[in-house]
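Below is one structure, written out as structure tokens; the observations come after it.
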Amino acid sequence: MTTLPLTPDYDAWPIEADLESVSVTPRLVTVQWSDGRVSRYHSIWLRENAADDTTVNPATRERILDLSMLPAWPEVEGAEIDAAGALCVDFAMEDRRLRFHPGWLRAHDYDNLHDADAPLVPVTTWQGGPEAGPDTLSAAGLLDTSPNSEAEEAILAPALASVLAKGLVRLRDLPTEPGSLESIARRIGPVRPTNFGQLFDVQAKPDPDSNAYTSIALPPHTDLPTREYHPGLQMLHCLENGVEGGQAVMLDGFAVAEALRERHPEAWATLTRVRWCYANTAKTTDYVWFEPMIRLDARGELLEVRIADFLRGPLQTTFEDVEPAYEALMTLQRLLRDPVFAIRFTYRPGDLVIFDNRRLLHARDAFEGSTGHRWLQGCYMERDEIRSRYRMIQRARRRRWVTAEA
Ligand SMILES: [Fe+2]
């Protein structure tokens, strides 16, 4: 064979190093690479991750193999590196030779793995203060670029990286036509609709169904903590802003949580354990969810903060937990008021702020409605969409690199 085999995905895998030698035992294939690295792969892992049409559906590249249907544990009886540089492995029981792409194998080398499920972009917590502001980028012309073009990528890649790292970015120079947020958001991924609609208008209005739709100040909060899965991202797009006041305030909830962990370990322990009630009390909907205020993922890293005093229902926990829970809550509330955490800025028409709603807290000063109009349009999206879009950009870059090399 002189061409490299398919991979079990649609990605492009540059070849950083060539396969030089291979040895096998029935359950293990050991390869040496041209840079001296040695990688071991279990036979069962290789069998499951083959790219042939008994393992994946060629139309979708989704797996169709059910390992438990094989006659026995898949063992190998030989392996070689072919003329194309692919690893060829002979599976004894099935009498089947399967080929593996060296770039793909190297990229999934779990034997030399350090941190495979690390975030796409390292998370960096930040503090505020009078000089601080969000990462700010011009997105002029974004809607004139072709979807998935390099021009679009040049605007989106640094913006998405800021959201992944710091939970926040401000894009400037976007159109101010009502509804244009939907087209902008679609460049990243699908919007998550809620009972407030696909897009929602943040402006003072009669008969409001949320404090957001008044001119009163809003304390630091995450949106929709009343949902089992509260939205990962929020986008706020400024169409008009002629009012006095109404400054936006944002805080990194992860920085506040880390400060709590360091300075008030008991409060931290309580807020990562006690489940608070989050309830929306609108006239036409009845969302309720119980969750701790601070949650960690399976790696022990911060996953989310869920903070919105005006959406907390009555605490329903064990009798003994009530006072410690309120003590911890007030400790957190005092930290949230510390100006060291907050950045403040004024929205300019054409600004779009994208932020991680499960990490950042946003707040707003009161504004005087009679001085002019303040109109933001907003929408929600999931974190998955930013990650997927960012990975697709990385994939496109790898593909260009592979094509240029060929
Ligand atoms: Fe909000």
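No lab work stands behind these numbers, since they all come straight from the coordinates. None of the values given here were measured: they were computed from a predicted structure. Note that each Cβ is placed from the backbone with ideal geometry, even for glycine, and that neighbours are counted across all protein chains shown.
Could you work out, for the chain, what percent of all Cα-Cα pairs fall into each 20 Å distance bin, beginning at 0 Å and stopping at the bin that holds the largest distance? Taking every Cα pair in the chain, the percentages come to 23, 44, 28, 5, 0. Full extension of the chain between Asp286 and Ala151 yields a length gain of 44.2 nm, computed as 0.36 nm times the residue separation minus the alpha carbon distance. Whole Å is fine, so just give me how far the alpha carbon centre of region 171-205 lies from that of region 96-132. Rounded to whole Å, the Cα centres lie 31 Å apart. Counting Lys and Arg as +1 and Asp and Glu as -1 over every other residue whose Cβ lies under 15 Å from the Cβ of Asn195, the net charge comes to -2.
Counting Lys and Arg as +1 and Asp and Glu as -1 over every other residue whose Cβ lies under 15 Å from the Cβ of His114, the net charge comes to -1. Projecting the Cα positions of Asn195, Ser215, Asn49 onto the charge dipole of the chain (unit charges on Cβ atoms of Lys, Arg, Asp and Glu, taken about the Cα centre) puts Ser215 furthest along the positive direction. When only the Cβ of Lys, Arg, Asp and Glu is charged (+1, +1, -1, -1), the dipole of the chain relative to its Cα centre reaches about 620 debye.
When Lys and Arg each count +1 and Asp and Glu each count -1, what net charge do the other residues less than 10 Å away from Pro5, Cβ to Cβ, add up to? Counting the neighbours of Pro5, the net charge comes to -1. Enumerate the residues in region 135-160 having an amide nitrogen under 18 Å from the point lying 7 Å beyond the Cα of Gln198 toward its Cβ. Residues 143 fall inside that zone.
Counting only chymotrypsin sites (Phe, Trp or Tyr not before Pro) that DSSP places in a loop and that have at most 15 other Cβ atoms within 10 Å, the longest clean stretch of the chain runs over 11-228. For the chain, the longest principal axis of the Cα atoms and the long axis of helix 383-405 meet at an angle of about 40 degrees.
The simple spin-label model puts a point 7 Å past each Cα toward its Cβ; for Leu70 and Tyr229 those points are separated by 3.2 nm. Think of the chain as a dipole: +1 on every Lys or Arg Cβ, -1 on every Asp or Glu Cβ, centred on the Cα centre; then among Val340, Met1, Gln247, Gln247 lies furthest on the positive end.
Structural descriptor for the chain: relative contact order 21 percent, calculated from alpha carbon pairs under 8 angstrom and at least 6 residues apart.
In region 19-116, the convex hull through the Cα atoms has an average projected area of 6.6 nm², a quarter of its surface area. Calculated FRET efficiency, Leu143 to Asp109, Cβ-Cβ distance, R0 = 41 Å: about 0.50 to the nearest 0.05. Projected over every direction and averaged, the convex hull enclosing the alpha-carbon atoms of region 168-251 yields 6.6 nm².
Taking every C-alpha pair closer than 8 Å and separated by at least 6 residues, the mean separation divided by the residue count of region 19-116 gives a relative contact order of 25 percent.
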